[in-house]
Each structure stands twice: as C-alpha cells, then as structure tokens.
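**Student:** Just passing along the structure, written as structure tokens.
The values are calculated or read from the model by the stated rules, or taken from the named source; none is laboratory data. Values in this document were obtained by computation on a predicted structure and should not be read as measured data. Positions of Cβ are backbone-derived with ideal geometry, glycine not excepted, and every protein chain shown enters the neighbour counts.
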Amino acid sequence: MAHVVDIAQVQTHGAGHDAGHGHADHPPTSTGLDHRKLLMWAFLANDCMFFGALIATYMIYRGRAESVGTGPFPSEILDIPYTSVSAFVLLMSSLTMVLALAALQKGDLRGSRIWILATALLGTIFIGGQYFEFTEFYHEGLSLQTNMFGATFFTLTGFHGFHVTIGVIWLLTMLFVSLRGGLKQEDSLDLEITGLYWHFVDIVWIVIFTLVYLIPYEEVESAEPAEHARHVFDVGQRLVGVVF
C-alpha cells in the first residue's frame, strides 16, 4: 500500500510540474500544419491576390501617361541602378532571415539575435532608400495626382513599403522578446512564421522590380490591347505561382 501511495505522489508531483512549467501545445490541423502557420499561409494567399490586383492595374495604365501628354514619364525618372542596390539589400535580408531561424533551431540564441537585428537593419535601409526615391520623384514633379503612372506607381510601391515597415516592426518585436528570454529553441516556429511573411515581401518586390523597372517602357506601351490584357493575366498567374 505504501508503495502505491509513493507512486501516486510521484505522478501527482509530475503532473503539477508539467502544468506549471510546460509550454502550451499548438496541435496541428487536418493538413498536418500548426494552426498558426496555416493562418499565415491563408493571410499570404489573400495578400498575394491584393498585390496581384495592384500589379495588374499598374501594367494596364503604365502607358497612359504618355498617351495623354502629361509627364514626367517612367523613362525620364526611374533610376534602375539605384533601385537595383535597394533590391539587392532587401534580397540579402532574406538570407539573414534564414540564418536567424537556423541559429535559433540550433539553440544559438546570441547568433539568432544578431541575424534578426541584421534583417531588421537591412529592411530599414530599404525603406530609407524608398523614401529618398519618393522624395526625388516628387521634386521632379511626379505625385499621386500628376498622371496615371504616378497614381499606380506610388500606390503599388507604397503599399509594398508599408508591408516592409510592418515586417521591420515585427522583427524588432521578436528581438525584444528574445532579449527578455521569451524566444528559445522550442519557440522556433514563432520566428519561422515571421520569416514566411518576410520572404513573401521579398518575393513580391522581385516581381514589382522586374515589371516596374526592368521591362522597357516602350514594350508595354506598344502592345496590342488583346495581347496586353493577356500579358497582365499571365503576370498575375506567375505571381501566384512564385509565392506558392
């Protein structure tokens, strides 16, 4: 009888210990994914359609500014070398994001914090570069009210910049939580979800940079209406394919 009582006491003590110090489990969904991760994928799918609509609108109206004779035009103010540097900075932030997650999964908390901070700094540099670009364009006479190019350009790139800003704030929050001891190896999924958002923002910028800066302006302007509409539809399909 005493032996049975001892076992019961040990089991009771173990249960109380787990309840007091264990972490709350997040059971997987029917897809096998954690419900928080599935929710992030659903949000990114919605955001993908949002950016697809903005990109399609930009491609449709890109050639209208010159046709109505109101400048400045894309070929006059877009600075591809400058924006290429900004794009490179943002793409490098995806690498630092991967390194931050890998370090946390290995239990290297110090390394994870360093790479999270590096990712946030690279994102901040990108936002600063975009602000400088917007300021220069405004001084050259381009604004939301100038022409269709200005309206669609500032709307598309501005919303992307807003997403990057949210990502930077998110990263700094994760860094603060880590410094307070709330982000450990077993919490790597939290950082992985942050990384999903950050990588999505980077992928969207690749698409925007290619269509807005790299495709020759004359190519879009001279396209036949039916061919142009088909081109816009293909762009939307490719964006969805790249993300998923």
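**Student:** List pairs: first residue in the range 192-206 and closer than 10 Å to residue 164 by Cβ, second residue among the β-branched types (Val, Ile, Thr) and not in a helix (DSSP H, G or I) anywhere in the structure, Cβ distance under 8 angstrom, at least six positions apart or on different chains.
**Tutor:** none
**Student:** Looking at residue 143 and the list (1) more than 22 Å from residue 82 (Cβ to Cβ); (2) without any contact (Cβ under 8 Å) to a residue 12 or more places away in the chain, which single condition is not satisfied?
**Tutor:** (1)
Here's the yes/no breakdown for (1) surrounded by 17 or more Cβ atoms within 10 Å (Cβ to Cβ); (2) at pLDDT 95 or above:
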{"site": "79", "(1), (2)": "no, no"}
{"site": "93", "(1), (2)": "yes, yes"}
{"site": "98", "(1), (2)": "no, yes"}
{"site": "107", "(1), (2)": "no, no"}
{"site": "115", "(1), (2)": "yes, yes"}
{"site": "121", "(1), (2)": "no, yes"}
{"site": "128", "(1), (2)": "no, yes"}
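**Student:** Follow-up question, since we're still on this one. Has the range 26-42 got at least one residue that is touching a helix residue (DSSP H, G or I) at 6+ places or on another chain (Cβ under 7 Å), surrounded by 13 or more Cβ atoms within 10 Å (Cβ to Cβ), modelled with pLDDT of 90 or more and closer than 30 Å to residue 138 by Cβ?
**Tutor:** No, the range 26-42 contains no residue that is touching a helix residue (DSSP H, G or I) at 6+ places or on another chain (Cβ under 7 Å), surrounded by 13 or more Cβ atoms within 10 Å (Cβ to Cβ), modelled with pLDDT of 90 or more and closer than 30 Å to residue 138 by Cβ.
**Student:** Which of the residues belonging to the range 189-217 are within 8 Å of the chain's Cα centre (by Cα) and charged (D, E, K, R)?
**Tutor:** The answer is 202, and nothing else.
**Student:** Condition first: within 11 Å of residue 152 (Cβ to Cβ) and in contact with a Ser or Thr (Cβ under 7 Å, 6 or more places away or on another chain). Now tell me which residues in the range 35-61 satisfy that.
**Tutor:** Scanning the range 35-61 gives 54, 57, 58, 61.
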